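The values are calculated or read from the model by the stated rules, or taken from the named source; none is laboratory data. Not measured: the values here are computed from a predicted model. With ideal geometry, Cβ positions are generated from the backbone for all residues, glycine too; neighbour counts draw on all protein chains shown.
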Amino acid sequence: MIFRFNTHRQRERRKSPARPRWISHRVIGALTALCLSLVMLSADLYAGSAVITDKHIRARLALMRDQKAALLTLSDMSAGRRTFTPQRARAARRVLIENTRKIPRHFAKERLENNSHARPEIWAHWQDFETRAEAARQAAKQINASSISGLRRSLPTMMQACQSCHQIYRTVPNRAITH
């Protein structure tokens, strides 16, 4: 009788769908958690964001995103979160110099859309805006990308130049916007 029970049990096991041995409950749980977090992240990134239809505003936003990436590279090097290399630091510095030169041209004509984050005060106080853009360009030129100590001394001036302009001429962005 016991022998037949074991045999019946063995037959039941053979009837159940085969699952590869490498797929365990932990792997399935981890993959499920990963998928859920990706879905939640993508929903968070697109929540409340509007599509920018004006190509000039999209170019302006791309300019600012490039500046942010360069500034993030330098600040990560300065803080030790990224390995300092003079070549990468100089490349980021060049991006900042070139892009700060382009700021007045990208803002020359008043263009506003939802989620562009530009305030109309830019065009009402154009001379001040241009002065701040030039101050940012001069700060970018003064960044010392040859050493980590030089970068740490010179980078705060650049960050302050960006911040001073954004405090006046930029609306508070959504938390999902990266520019």
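Observations
- Residue in the stretch 151-164 that is closer than 27 Å to residue 51 by Cβ and at pLDDT 95 or above present: no
- Some residue of the stretch 85-101 being outside any helix (DSSP H, G or I), farther than 23 Å from residue 135 by Cβ, over 20 Å from the mean Cα position of the chain (by Cα) and not aliphatic (A, V, I, L, M): yes
- Neighbours by Cβ (under 6 Å, 6+ apart or cross-chain): first from the stretch 66-92, more than 14 Å from residue 155 (Cα to Cα); second among the acidic types (Asp, Glu): 82/76
- Looking only at the stretch 117-165, and only at residues there that are of a type in the set (Asp, Glu) and over 25 Å from the mean Cα position of the chain (by Cα), the one that is nearest to residue 70 (Cα to Cα): 130
- If you go through the stretch 114-127 and pick out every residue that is in a helix (DSSP H, G or I) and in contact (Cβ under 8 Å) with a residue 40 or more places away in the chain, you end up with 2.
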